[in-house]
Amino acid sequence: MKAPIALALDAPDLDTACDWALKVTPFVSTLKIGLETYLRDGKSAISKIKANTDCEIFLDLKLHDIPATVRGACKSIKDLNPKYLTVHASGGTEMIKVASQEVPETLIVAVTILTSIDQKNLSQIGFKDDPITAAVNLAKLSVAAGARAIVCSPQEVSEIRKSVGSEIILITPGIRPLGIEANDQQRTATPEDAIKAGADLLVIGRPITGAKDIVLAAKTISEQVNKILS
């Protein structure tokens with residue numbers, strides 16, 4: 001059974017991305033396609049990847065601009081019909097609102113505080129609050145503006161769940177099974193900890209795509225996640 005995992009499909013080229021998509025399809029529910037692939041390979045890459053899988057498509061573009069520009073960007077990807085599309089919560093109420101209006105069939109996902117940012121980084125870019133408080137405030141603003149999913153670190157997911165209710169999908173990057181290096185992630189957790197805190201969808205990349213045997217890694221982590229949920 002597929003696990004609620006969004007595989008971060010950060011491949012070095014489109015052929016590799018398609019190969020990875022095919023290999024992990026039996027085990028993960030979602031494929032997360034980010035800026036690297038989208039900017040390098042273009043819109044047609046999304047269609048090519050979709051042809052290799054029945055997974056949901058998570059288009060992780062993290063849109064952040066004036067409302068008119070974000071509206072235009074959403075209109076330009078409407079025909080791709082992704083399940084999820086990310087915007088930065090810090091773009092504000094009107095930006096999130098126009099995104100949700102432009103692609104009503106897609107779940108607008110508001111990114112709160114990047115998992116690569118710690119307290120020191122947060123202060124440097126002008127946030128006065130700690131990461132949890134800042135993420136909760138951004139999540140509440142985003143949901144009120146029309147976002148139907150939130151990206152947050154595993155450390156914030158429990159407090160955000162209390163603030164936004166059960167109908168909002170909470171997506172957590174920075175997931176690292178025991179024994180796996182954190183790499184450039186600062187605020188991480190194991191799949192078990194994230195799920196127990198209230199996460200609905202786990203973003204996992206290098207623990208699978210960096211493995212010697214991608215199929216085995218996807219199968220093993222998928223089974224671990226499903227066992228936690230059972």
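Select from segment 95-152 the residues that are within 24 Å of residue 204 (Cα to Cα) and small (Gly, Ala, Ser) and write down the one among them that is surrounded by the fewest Cβ atoms within 10 Å (Cβ to Cβ).
This residue is 116.
Working only within segment 74-94, note down all residues that are over 21 Å from residue 126 (Cβ atoms), buried (at least 16 other Cβ atoms within 10 Å of the Cβ) and over 13 Å from the mean Cα position of the chain (by Cα).
74, 77, 80
All but one of (1) at pLDDT below 95; (2) closer than 15 Å to residue 151 by Cα hold for residue 201, so report the exception by its number.
If we test residue 201 against (1) at pLDDT below 95; (2) closer than 15 Å to residue 151 by Cα, just (1) comes out false.
Name the pairs: first residue in segment 58-72 and in a strand (DSSP E or B), second residue of a type in the set (Lys, Arg), Cβ to Cβ under 9 Å, at least 6 apart or on different chains?
Final answer for the pair search is 58/32; 58/83; 59/32; 59/83; 60/32.
Looking at the structure I just gave you, is residue 57 over 19 Å from the mean Cα position of the chain (by Cα), at pLDDT 95 or above and β-branched (Val, Ile, Thr)?
Working: over 19 Å from the mean Cα position of the chain (by Cα): no; at pLDDT 95 or above: yes; β-branched (Val, Ile, Thr): yes.
Criteria not met by residue 57.
Considering only residues that are of a type in the set (A, V, I, L, M) and in contact with an Asp or Glu (Cβ under 9 Å, 6 or more places away or on another chain), look in segment 11-48 and name the one that is nearest to residue 211 (Cα to Cα).
Checked segment 11-48; the qualifying residue nearest to residue 211 (Cα to Cα) is 11.
Do we find a residue being among the small types (Gly, Ala, Ser) and over 19 Å from the mean Cα position of the chain (by Cα) anywhere in segment 107-130?
yes
Regarding residue 9, is this residue surrounded by 15 or more Cβ atoms within 10 Å (Cβ to Cβ), closer than 19 Å to residue 51 by Cβ and touching a residue at least 40 places away in the same chain (Cβ under 8 Å)? Outline the logic, then answer.
Details: surrounded by 15 or more Cβ atoms within 10 Å (Cβ to Cβ): yes; closer than 19 Å to residue 51 by Cβ: yes; touching a residue at least 40 places away in the same chain (Cβ under 8 Å): yes.
In short, yes.
In segment 2-37, which residues are among the acidic types (Asp, Glu) and not in a loop (DSSP other than H, G, I, E, B)?
Within segment 2-37, 15, 19, 36 qualify.
Could you say which residue among 140, 162, 128 is of a type outside the set (A, V, I, L, M, F, W, C) and at pLDDT 95 or above? Let's see the steps before the verdict.
Details: 162 fails: at pLDDT 95 or above; 128 fails: at pLDDT 95 or above.
Selected residue: 140, the only one of 140, 162, 128 that is of a type outside the set (A, V, I, L, M, F, W, C) and at pLDDT 95 or above.
Can you give me the number of residues within segment 131-145 that are within 18 Å of the chain's Cα centre (by Cα) and either under 22 Å from residue 58 (Cα atoms) or of a type in the set (Lys, Arg) (or both)?
The total comes to 6.
The values are calculated or read from the model by the stated rules, or taken from the named source; none is laboratory data. For clarity, every value in this text was computed on a predicted model and none was experimentally measured. Every residue, glycine as well, gets a Cβ built from its backbone with ideal geometry; the counts of neighbours run over all protein chains shown.
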